[in-house]
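Structure first, then comments.
The values are calculated or read from the model by the stated rules, or taken from the named source; none is laboratory data. This structure is a prediction, so every number in the text was calculated from the model and none was measured. Neighbour counts are summed over all protein chains in view; Cβ atoms, including those assigned to glycine, are modelled from backbone coordinates with ideal geometry. When the accessible area is computed, the model is the full protein with side chains, heavy atoms only, and any ligands, DNA or RNA have been set aside. Shrake-Rupley method; radii C 1.70, N 1.55, O 1.52, S 1.80 Å.
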2 protein chains.
Amino acid sequence: MVAFSKPLAAAALFAGLASAQSFQRLGTCPDLGCIIPPDQADFLAGQRFDIRLEIHAPVNGTEATGNPNPDENFEFTIERVGGNRGKQAGSKWFKVPEPKLEKWSFGWYEDFFARDAKTPSMVNVASKAYRKVHLDEAGEYRATLKYDGKTTTATWTVRSLEEVRKTRNVLFFIGDGMTTNMITAARLIGHKSVNGKYQTKMAMDSFPVLGHAMTHSVDTFMTDSANSATALYTGHKSTVNALGVYVDSSPDVFDDPKIESIAEIFHRVYRGHVGIVSTAGVWDATPAALTAHTRDRGEYPYCVDSLLRGTNNTAWIDWNGPDVLFGGGAEHFYSPALGGKTFNKKDYYEEFAKAGYNVYWNKTSLAAAPNTERALGIFTVSHMSKWLDRNVYKKNLKDQANHPSGNKGDAQDEPGLKEMTLKAIDILYQRSKADKRHSSQGWFLMSEAAQIDKMMHALDYDRALGELLELDDTIKASIAKLKELGELSNTLIVVTADHGHGFDVMGSVDTKYMDAQKDDRKKRNAIGVYQFSGKSQYINNGEVSYSEGFPTNWTPRYSLFAGIAASPDRRENYKVNQNGVREVTTNTPGRPANDFYANAKDTPGGFVINGTLPTDEPVGVHSLTDVPVFAMGPCQELFGGVQNNIDIFFNIANCLGLSRTAHGKGQDPIGN
Amino acid sequence: MVAFSKPLAAAALFAGLASAQSFQRLGTCPDLGCIIPPDQADFLAGQRFDIRLEIHAPVNGTEATGNPNPDENFEFTIERVGGNRGKQAGSKWFKVPEPKLEKWSFGWYEDFFARDAKTPSMVNVASKAYRKVHLDEAGEYRATLKYDGKTTTATWTVRSLEEVRKTRNVLFFIGDGMTTNMITAARLIGHKSVNGKYQTKMAMDSFPVLGHAMTHSVDTFMTDSANSATALYTGHKSTVNALGVYVDSSPDVFDDPKIESIAEIFHRVYRGHVGIVSTAGVWDATPAALTAHTRDRGEYPYCVDSLLRGTNNTAWIDWNGPDVLFGGGAEHFYSPALGGKTFNKKDYYEEFAKAGYNVYWNKTSLAAAPNTERALGIFTVSHMSKWLDRNVYKKNLKDQANHPSGNKGDAQDEPGLKEMTLKAIDILYQRSKADKRHSSQGWFLMSEAAQIDKMMHALDYDRALGELLELDDTIKASIAKLKELGELSNTLIVVTADHGHGFDVMGSVDTKYMDAQKDDRKKRNAIGVYQFSGKSQYINNGEVSYSEGFPTNWTPRYSLFAGIAASPDRRENYKVNQNGVREVTTNTPGRPANDFYANAKDTPGGFVINGTLPTDEPVGVHSLTDVPVFAMGPCQELFGGVQNNIDIFFNIANCLGLSRTAHGKGQDPIGN
């Protein structure tokens, strides 16, 4: 397929691989001999993965040795520490033919000075890849790469887990970009407090177990949603932009070494029923990482195809599609004849229909959908509308030309995360219950509140908190639904996030006073900190059409004084933007397109704050903070305390009993 | 005593009480009839407290009724819901004489416009106060105030807790201002990671139970350390600046209604041994709130006296001082002859010595102190030196004129939090073990890393993280010490914070590249976000004299790109300030003294960022976020999930078995 051999554009190559500090030759490979998966990787027994070996010969730059030719006769061996097979060549260990040698070159910048001077360091590479291998005993493995008289070793651990299924279902909520700070702010505006005691609580607040998860990447301390979804779904941290793969240095974005995801393992082991719900385009990183394997999250058309058919550019497991796929992103479904940008130029509504899916484009038809059949629901072009616009500022839903058919009409009958998730549970419940194989009964549903993140990027705090409160409302309704179905005690519910944004609230703003001031510095004196913050005025006794747990007044005189720890140049008036999502920065005529300044049309009555981010960054960025993990149901105790985000994968896999050793007792009714 | 009748200065009066939104007539009293403790208050059975009733008659302003005379014949009754005593007048319920009527007036501003115009709204008040009362049955109480034909009611709850002691000791760590975000950043710079897997962890990371605590005040959603220490120690949220009291509207800062603290209850019920350790002046809010009862945390001389003698301006419990009191703050101890600002102009070293304390001024003498005797250790004037200066930039310890004797010499032999805490444990262990009454065996130690907060206020992130890592090192060493003493399984260890700062990390900074750029906007391009963040360079293989778990390189080329969600105008170069604590803002000649701009001498090579805080705010401020709670030991399970900060008090009190109902089985060997 054409797409599978698509090389990265040169600029992207330098940016993407470029990962010494600001840039790195290859993040997981400090030596010139690279074993991927790298040292310290953990595996689930039986989990399928690819191995990529690379020998780097730097041609120029600080690492150049004078020999620009990589050793093509490198040797790779594996042994299990304390095992009885001894050390064996990789192909013998895995009982696969010796992979063919591959060769390529790439360039990277050693620092920002080199980037400015456009002086890349070039590297020649010799490589081999072992495809679809697995390790079938718990314990420690030593992988060794010998080349040019040197040695690189990696220690891999196959975790020792019981091969016993402890939960029938898993409901996995991801609040994209959601931090504890945001939950605190959402509670403040969505719930009433009397003299310091909340009269209602967040659904998350009532979870019995709380943990924190570290979100850093394998090769840098910051992450993005692709990479962190990979960690949550595969137990392997990767690199920014990578979906279900470790990143290699080859030009092909589709040949990077894959790691099997929780959805794929659940399918392989049990033919389990999988649901995927997101308020983003379904090809976006968090939903797509369940099935996609590419280091470029921007390959949206491929991501859509992977959701249906999996990935088969190299040997990989079968994948027959989820039972439920709900979200936005119609532009990568509808026909190219209508302007759709689709994989192999096909109409993906047709492709899904041919595979047995009913297709839904709005909330009304979704509600009427049979619970016994597979369902594709694509409700908008691009990401779905925000809770705040769907429920409060409905005029913003007009003139969006976002109808999922591609007819340039408006999608005015969108479901929210709650409607999508409850319908997904109904379908998964009915279909898994009807499954004749006992082991197939039960389901895994990932439901993502995708736009907490997107609205935080936009510094549109009101919309972000609206998305977060919608997630919480969805959790509350899902618990009620599971109780109604008699499945609550059979369902592990986990709520977490993939990374943070440096958001917090420091007080209140008297917006009337700020409006009355002419001078930027005087406007700042409208802010009340400490005892001058007062009480939240977002809850009053107004009538609202949506459920409890949301603000009833989005335009109080005294608004939240919220902020973000790093931003582009921006303006702030601390009022809800009633006309749609904020646009914080703009280009300035006569200046370079990537030189962003505060948007003069944003936040009337506000004042300007210069940013700290690089000036080519038009929006906010992710932050380092550990994210919260809430757990309820079977295995909840595994999620307490501080953990790595990969532990969430291992805990879910453990609870589902997905570990499969060669001599274990776990049933693998399907095999693959 | 003179100090007890000291009225607030007029300006402070308006600022302090002034708390409708930016300001409030009286935060806990939306009506004109006030019951304090207010509606929704929770109590420990037997906990001593004062009741303040106020009738407000607004003279002018939006609330004025035309009658400026408050009803002096108000009636106050109490009943227990479902109880058999029915509704009784307050004095009958508590078996105390009817309190005498008090009268005063106060003024407050209705908003920032009124403040600017200097047009306060005046209120006349009639009031009574019931002193040192307690509720001795679990359940719900209704307190009713009738005045002017109107009624204010408050529902109070005495929590139903077992009167059984479940832990011998409590070790309560408070990281002042510490958030999850900061812990994440501290881990990054203090611990080594290989391919995304940390090779060592924070001590906090290994705690079995994790919770979150909400920190808001009773009357505003932001808090300070005084008010939140009150919540943590008494189970009652109060107002910013208040220590161990609810805030009333009277001019006297010492007559506000008191609430008994955990230290006082532990003393009353068991004559338990109490230790207080802080890296701040011991009169600072967090340590002082264990014994002080005033709405003005700035009454430092009184705070010192309260630590020794408790509070007896009105009827209150006996207090005989802690076994251990370690920290800074010598200026409120040494003689006024040397410039000391002390309570009643006495030498408080002498006062403590007369009460049986050995007094220590440095680490060497502290280490040699007998573990069997009471110890006062005051090691500096003002707050103690920072970990970073004591261990890395030691030249900054010179010329500080901070010797605790008051001799204007330097305090160059300071202990750290670890040395103070370990010594405190030794003394408390020995003294409580030697106690002849079984019930007195065991201890309560509060150990505060006070300057995480102070350094975050200064935006000195490096020093803040150094303080946090010192706290973590102290926790690790304390666990080892308790294990060594055989007391680990007898000790509930809780680690939490009192509030946050909106800090986070978003990437790295190439400081070499930033230094090389001339233009402020170009300097921002030295920042690497996402995949350009790279790895932490704060750990290298250099030799260090301090223990593991700290950075070994504080001046890496690639430093942390950290930020704060709200700040005054500031400069940033993202390098450690090697010359002492940062001074972010300065006054500008020719401008008002409280109009702060970025300090041109701060952060050479950096760039300017204008702030969002009010321009009279020279430093950073607190943030809203829920704070982490880590628990280990007896009752650890009580601390999981999301809770209110007052729940931490109730959980500790529960674990110590401090609840005392009239008909309960709890032993109260002392009585009071």
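Cysteine residues of chain A whose Cβ has no partner cysteine Cβ closer than 4.7 Å: A:CYS303.
Derived value for the protein assembly as shown: Kirkwood hydrodynamic radius 32.6 Å. Basis is the mean of 1/r over every pair of different alpha-carbon atoms. Total buried accessible area between B and A, probe 1.4 Å, nearest 100: 9500 Å². All distinct Cα pairs of region A:587-637 go into the 1/r average, and the inverse of that average, the Kirkwood radius, is 14.9 Å.
When the listed pairs A:LYS386/A:LYS575; A:LYS201/A:LYS423; B:LYS386/B:LYS454 are checked against a 19 Å cut-off, the alpha-carbon distance exceeds it for A:LYS201/A:LYS423. Beta-bridge orientation, chain B: approximately 65 percent antiparallel, per DSSP, counting only bridges with both partners inside.
For the residue pairs A:LYS535/B:LYS258; A:LYS100/A:LYS237; A:LYS166/A:LYS433; A:LYS398/A:LYS535, alpha carbon separations beyond 29 Å are given by A:LYS398/A:LYS535.
Using 0.36 nm times the number of residues separating A:ASN320 and A:GLU79, minus their current alpha carbon distance, what extension gain do you get? Before the final figure, lay out the partial values.
Numbers: separation 241, 0.36 × 241 = 86.76 nm, distance 3.45 nm.
My answer for the length gained is 83.3 nm.
Sparsely packed loop sites in region B:397-431 (the trypsin sites (Lys or Arg not before Pro) outside DSSP H, G, I, E and B with at most 16 other Cβ atoms within 10 Å) comprise B:LYS398, B:LYS408. Taking θ as phi - 60° and the Karplus parameters 6.51, -1.76 and 1.60, the scalar couplings of region A:427-438 work out to 5, 4, 4, 5, 6, 6, 5, 7, 5, 6, 7, 4 Hz in sequence order, x denoting glycine and proline. Counting charges near A:PRO634 (Lys, Arg +1; Asp, Glu -1) among other residues having Cβ under 11 Å from its Cβ returns a value of +2. Put a dot 7 Å past the Cα of A:ASP519, heading toward its Cβ, do the same for A:GLU484, and the two dots end up 5.9 nm apart.
Our analysis of chain A gives Rg over Rh at 0.97, with the two radii drawn from alpha carbon positions and Rh computed by the Kirkwood formula. Annotation note: GluC sites (Glu not before Pro) in region B:566-672 located in DSSP loop regions with a Cβ neighbour count of at most 16 within 10 Å are B:GLU583.
For B:ARG591 and B:GLU373, the difference between the fully extended length at 0.36 nm per residue and the C-alpha to C-alpha distance is 73.1 nm.
Using a 7 Å projection from Cα along Cα-to-Cβ, the label point at A:SER335 is separated from the same position in the remaining copies by 10.0 nm, smallest value first. The same position B:ASN490 in the other copies lies at 5.0 nm from this copy, comparing label points 7 Å beyond Cα toward the beta-carbon, shortest first. Between B:LYS341 and A:LYS95, the distance separating the two model label sites (each 7 Å from Cα on the Cα→Cβ line) works out to 8.1 nm. Apply the Karplus parameterisation 6.51 cos²θ - 1.76 cosθ + 1.60, with θ equal to phi minus 60°, to every residue of region A:466-480 and state each ³J(HN,Hα) to the nearest whole Hz, in sequence, with x for glycine and proline. Listing the rounded values in order: x, 5, 5, 5, 5, 4, 5, 4, 5, 4, 4, 5, 5, 4, 5 Hz.
List the residues of region B:298-340 whose backbone N lies under 15 Å from a point placed 7 Å from the Cα of B:GLU350 along the Cα-to-Cβ direction. Those under the cut-off are B:333-340. In region B:510-524, comparing the full protein assembly with the chain on its own, the residues that lose 40 Å² or more of accessible surface at a 1.4 Å probe are B:TYR513, B:ARG521, B:ARG524.
Across the identical copies, the 7 Å label point of A:VAL81, projected outward along Cα→Cβ, sits 5.9 nm from its counterparts, in ascending order.
Candidate cross-link partners of A:LYS354 among the aspartates and glutamates, defined by an alpha-carbon separation under 16 Å and a same-chain spacing of 8 or more, comprise A:ASP305, A:ASP323, A:GLU373. Here the accessible area of the protein assembly as shown is 49 percent carbon and sulfur, with a 1.4 angstrom probe and all protein chains present. 3J(HN,Hα) couplings calculated from phi for region A:92-104 with the Karplus curve 6.51 cos²θ - 1.76 cosθ + 1.60 (θ = phi - 60°) are, in sequence order, 5, 4, 8, 6, 10, x, 4, x, 6, 6, 10, 9, 7 Hz; Gly and Pro show x. Computed from the alpha carbon atoms alone, the convex hull of region B:2-158 holds 123 Å³ per residue. Between region B:509-534 and region B:36-114, what is the separation of their alpha carbon centroids in Å? So the two Cα centres are separated by 59 Å. Counting heavy atoms of the protein chains alone, A:VAL642 has an accessible area of about 20 Å² for a 1.4 Å probe. Sites listed here are chymotrypsin sites (Phe, Trp or Tyr not before Pro) in region A:578-626 whose DSSP assignment is loop and whose Cβ has at most 10 other Cβ atoms within 10 Å, and the list is empty. Ligands, DNA and RNA are left out, and with a 1.4 angstrom probe the accessible area of region A:10-158 is 39 Å² per residue.
Each part reduced to its alpha carbon centroid, region A:394-469 and region B:149-201 end up 35 Å apart.
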